[in-house]
Amino acid sequence: MALHFTAQEFESRENKVIKSMKEKSLDALLLFRQESMYWLTGYDTFGYVFFQCLVLTSAGDKILLTRAPDLRQAQNTSNIMDVRIWVDRDNNNPADGLKSILAELSLENKNLGVEYETYGLTGKNAMRLNHSLKNFAKLYDESFLITKHRLVKSDQEIKYVKKAAELADKALEKAWESSRPGADESDILSVMQGAIFSGGGDYPGNEFIIGSGPDALLCRYFSGRRKLDPIDQLTLEFAGVYRHYHSALMRTIPIGKPRKEHLELHEICLEALHACESKLKAGYTAGDVFEQHRLVVDKTKYKSARLNACGYSLGATFAPTWMDWPMLYENNPVVIEKNYVFFMHMILMHSETQTAMNLGESYIVSDTGCVRLGKLKLDLVVG
């Protein structure tokens, strides 16, 4: 069985969730978020792209409803003992099968929390769910009940995060070595991803982001590759991943010779990053961190180059994104606690001069502040 945590840790997690359920007078949780299932039971799959629900009752009962291809997946990767299968056929509504399971658990007219805010529950399936359970039970949106528990990382989780950070550093070193005039973006991606896989890492929650020339100003993956010009710029955003735990990094690498805008923007990124570090501490809010970013950038002539967020939480996440809740944006009231993990990215995309500069690092919140997980230099590296 491919479990990456002890039975005692899984039991502790379940007890915390059930305690929260009882405080909210919930008789059961309907879990659709893959991250919740993985954290609570170890269940590791991409089968959440179809209708799939893990029922957890306040008495500790766990029943997974999924498709046939995930039967053995659940048996081999999780501690779930009761796996039910819904059959693929025209006009079959798996939510009706879920209703039967809930009736079997005597949950009619009870209070049920539902994870609506997740990629594992499409709009159509949410409509099916609501229709099937209408007049059966009371439904409450509890999309973040488990997510809030997931924010505080255990000792074992921190070990996995640190391993992911080591892999991210190795990937960045490979990128620095490979980023030269004439280099092909495909080869750069290949050595970066190879460094992570050869170190025992996993696929990331989303694609590595790479762009050069004018496309260095983009912060999303897109299809297509090019070779670097003698004078160029290359933006990279990527993550080391271990046991699905992510540690992200972001850099812009001037190729050949940096422009003065590259140098100016890098100094701003560095100042903003250090300013944000000063507020990434227990007791401050996510909004407090963003405010430091805003204050540093907005006093410069490059105010228009920044975004409206400067980072987000990291953990064990699945496709389509490694971004976790909460995000660092203006006035976000979420209070930061010890053992939260964040990726802070100073993204400056200056359209007027077509200049990109990005500096991003991952951190864990400690007793006294925050600790940068990456060990490599923050200096501007020229390819």
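A short reminder: the numbers here are calculations on the coordinates, not readings from a lab. The structure presented is a predicted model; accordingly, all values stated were derived computationally and were not measured. Quick reminder, even Gly has a Cβ in these numbers, built from the backbone with ideal geometry, and neighbours come from all protein chains shown.
Structure summary
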item	result
The stretch 192-301: chymotrypsin sites (Phe, Trp or Tyr not before Pro) falling in loop per DSSP and having at most 11 other Cβ within 10 Å	Phe222
Equivalent ellipsoid, the stretch 7-149 (semi-axes from 5 times Cα gyration tensor eigenvalues, Å)	21, 19, 13
Spatially proximal lysines relative to Lys303 (Cα-Cα < 28 Å; intrachain offsets below 8 disregarded)	Lys257, Lys260, Lys279, Lys281, Lys377
Value in Å of the Kirkwood radius, where the stretch 70-142 supplies the Cα pairs that are averaged	13.7
Whether the stretch 285-364 is rounded, prolate or oblate, judged on the alpha carbon gyration tensor where a/c under 1.5 counts as rounded	oblate
Cα shape, the stretch 227-332, gyration tensor, a/c 1.5 rule	oblate
The stretch 152-372: equivalent-ellipsoid semi-axes (sqrt of 5 x gyration tensor eigenvalues, Cα, Å)	27, 23, 13
Residue-by-residue Karplus 3J(HN,Hα) for the stretch 115-128, coefficients 6.51, -1.76, 1.60, Hz, glycine and proline x	8, 7, 7, 6, 6, x, 9, 5, x, 5, 5, 5, 5, 4
Ascending count of other beta-carbon atoms within 10 Å, so fewest first, for Tyr363, Tyr329	Tyr329, Tyr363
Principal-axis tilt of helix 185-198 within the chain, Cα atoms, nearest 10 degrees	50
Compactness of the stretch 190-238, expressed as Rg and Dmax over alpha-carbon positions, Å	12.1, 35
Value of [θ]222 nm, deg cm²/dmol, for the chain, DSSP H segments ≥ 4, -39500 (n - 2.57) each, nearest 500	-11000 deg cm²/dmol
Partner aspartates and glutamates for Lys24 [C-alpha distance under 16 Å; skip if fewer than 8 residues away on the same chain]	Glu14, Glu115, Asp141, Glu142
Relative frequency of Cα-Cα separations exceeding 20 Å in the stretch 101-178, percent	58
